[in-house]
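Following: one structure in structure tokens, then a few remarks.
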Amino acid sequence: MMNTIIGSFEKLETASLLIKAGEIVAFPTETVYGLGADAFNPIACLKVFKVKGRPSDNPFIVHLDNIDDIYRVAKNPSKTVINLFEKFTPGPLTIVLQKKDEVPSIVTAGLNTVGVRIPNHPLALAFIRQSETPIAAPSANISGAVSPTTAMHVFEYLSGKIKLILDGGPSSTGIESTILDMTKDIPVILRPGSISRAELLTVLSDVKNGYDVSNDRPLAPGMKYRHYAPSVPCVCTTSPITAQAIYESNLSSNPVIIGASDFITQCVKTLNMLNLGNTIKEHSARLYAYMKTAEKKYGYIIIEYFNNDDSGIYSGLNNRILKACGGNIVL
């Protein structure tokens with residue numbers, strides 16, 4: 001078992017040398033922490049699959065530190081694609097494009113497309129820049145478990161399995177990026193995130209939602225498999241009354257309710273509660289951290305599923321909640 005070190009900017013040179021030597025490094029982004037390898041090194045990318053226990057048909061996202069490097073991994077990105085990158089990145093948007101032959105098939109799970117993004121985190125950007133290569137990375141956890149939003153979450157999952165974790169503090173966005181497939185005649189959202197369909201429509205004339213669970217080969221991370229899931233039973237509901245009833249019927253399991261401030265205040269008899277705050281930004285930033293807290297301390301988790309989503313801004317958060325609960329929503 002190797003010794004796992006945690007460091008920040010002072011470990012950038014070490015991190016870049018590890019990447020250049022074909023090793024893997026955990027690093028922060030504004031969404032969740034990633035487990036990165038040189039995107040052009042298939043042997044290094046295979047190590048990521050092995051460390052995570054990740055299914056081989058689940059593609060990685062390639063992380064860049066600047067727009068010009070899109071041309072290193074993707075074929076002929078259109079002006080519209082460049083407009084999207086200019087408006088929304090660095091930020092939580094991944095765009096699926098036709099891949100260049102230089103990108104190994106292991107990165108894209110055999111697909112002829114590649115997901116590309118520029119993370120909005122100074123340490124991530126410095127890490128990619130100093131490594132002098134695009135970084136292929138999924139989340140830095142064991143496959144299917146709650147995504148890590150702090151360096152200590154990564155340490156709990158991967159201590160002894162990787163050499164270095166770059167610590168950039170808690171993730172500010174807290175849920176994974178929106179994934180937009182730009183290889184179709186009409187762009188398709190493969191995974192919802194904090195950039196909504198309405199925001200994308202400020203650049204695009206039309207966007208379809210395409211993130212329903214499918215038994216087919218996943219076109220992007222998070223589509224097919226149970227993801228973001230705590231290690232204890234987990235259900236979700238839109239109703240504080242229902243949440244209270246579920247709580248009271250599972251008292252022997254030491255339950256907890258996770259929800260927004262107004263939801264929590266209506267669960268008046270409940271002792272164990274974790275408050276996601278008042279805004280969508282607070283909800284998203286806290287969700288995974290509270291799931292991690294809950295699975296350690298409690299035996300049954302009840303999560304609010306957000307019902308006030310006419311604008312679509314809660315689609316990413318609701319997607320993660322539903323995935324975490326294995327689709328188990330109680331109305």
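Just one residue in the set Ala26, Ala21, Ala39 is of a type outside the set (S, T, N, Q) and more than 25 Å from Ile95 (Cα to Cα); that residue is Ala21. Set side by side, the residues Lys269, Lys292 differ, and just one is surrounded by fewer than 17 Cβ atoms within 10 Å (Cβ to Cβ) and either farther than 21 Å from Thr178 by Cβ or among the hydroxyl-bearing types (Ser, Thr, Tyr) (or both), which is Lys269. Scanning the range 91-105 for residues being assigned to a loop (DSSP other than H, G, I, E, B) and either touching a His at 6+ places or on another chain (Cβ under 8 Å) or surrounded by fewer than 18 Cβ atoms within 10 Å (Cβ to Cβ) (or both) gives a total of 4. Hey, can you tell me all the residues within the range 41-72 that are more than 15 Å from Lys100 (Cβ to Cβ), in contact with a Phe, Trp or Tyr (Cβ under 8 Å, 6 or more places away or on another chain) and surrounded by 19 or more Cβ atoms within 10 Å (Cβ to Cβ)? Once the filter is applied, which keeps residues that are more than 15 Å from Lys100 (Cβ to Cβ), in contact with a Phe, Trp or Tyr (Cβ under 8 Å, 6 or more places away or on another chain) and surrounded by 19 or more Cβ atoms within 10 Å (Cβ to Cβ), the range 41-72 yields Cys45, Val48, Asn58. Only residues that are touching a strand residue (DSSP E or B) at 6+ places or on another chain (Cβ under 8 Å) and charged (D, E, K, R) were counted in the range 129-151, giving 0. Within the range 213-238, the set of residues being at pLDDT below 55 and closer than 14 Å to Thr178 by Cα comprises Gly222, Met223. Looking at Leu317, is it in a helix (DSSP H, G or I) and modelled with pLDDT of 95 or more? No, not satisfied.
Do we have Ile189 as aliphatic (A, V, I, L, M), in contact with a strand residue (DSSP E or B) (Cβ under 8 Å, 6 or more places away or on another chain) and on the phi < 0 side of the Ramachandran plot here? Yes. Considering only the range 56-67, I want to know if a residue exists there that is touching a helix residue (DSSP H, G or I) at 6+ places or on another chain (Cβ under 6 Å) and of a type in the set (Phe, Trp, Tyr). For the range 56-67, residues touching a helix residue (DSSP H, G or I) at 6+ places or on another chain (Cβ under 6 Å) and of a type in the set (Phe, Trp, Tyr): absent. Note on the range 152-166: residues that are in contact with a strand residue (DSSP E or B) (Cβ under 7 Å, 6 or more places away or on another chain) and closer than 21 Å to Arg117 by Cβ amount to 3.
Residues in the range 286-312 that are touching a Ser or Thr at 6+ places or on another chain (Cβ under 6 Å) and farther than 11 Å from Val232 by Cα were compared, and the one that is modelled with the lowest pLDDT is Gly312. Tallying residues that are part of a helix (DSSP H, G or I), farther than 30 Å from Ser172 by Cβ and in contact (Cβ under 8 Å) with a residue 40 or more places away in the chain within the range 243-283 yields 3.
The values are calculated or read from the model by the stated rules, or taken from the named source; none is laboratory data. Since we're looking at a predicted model, the values are computed, not measured. Here the Cβ is made from the backbone with ideal geometry for all residues, glycine too, and neighbour counts use every protein chain on show.
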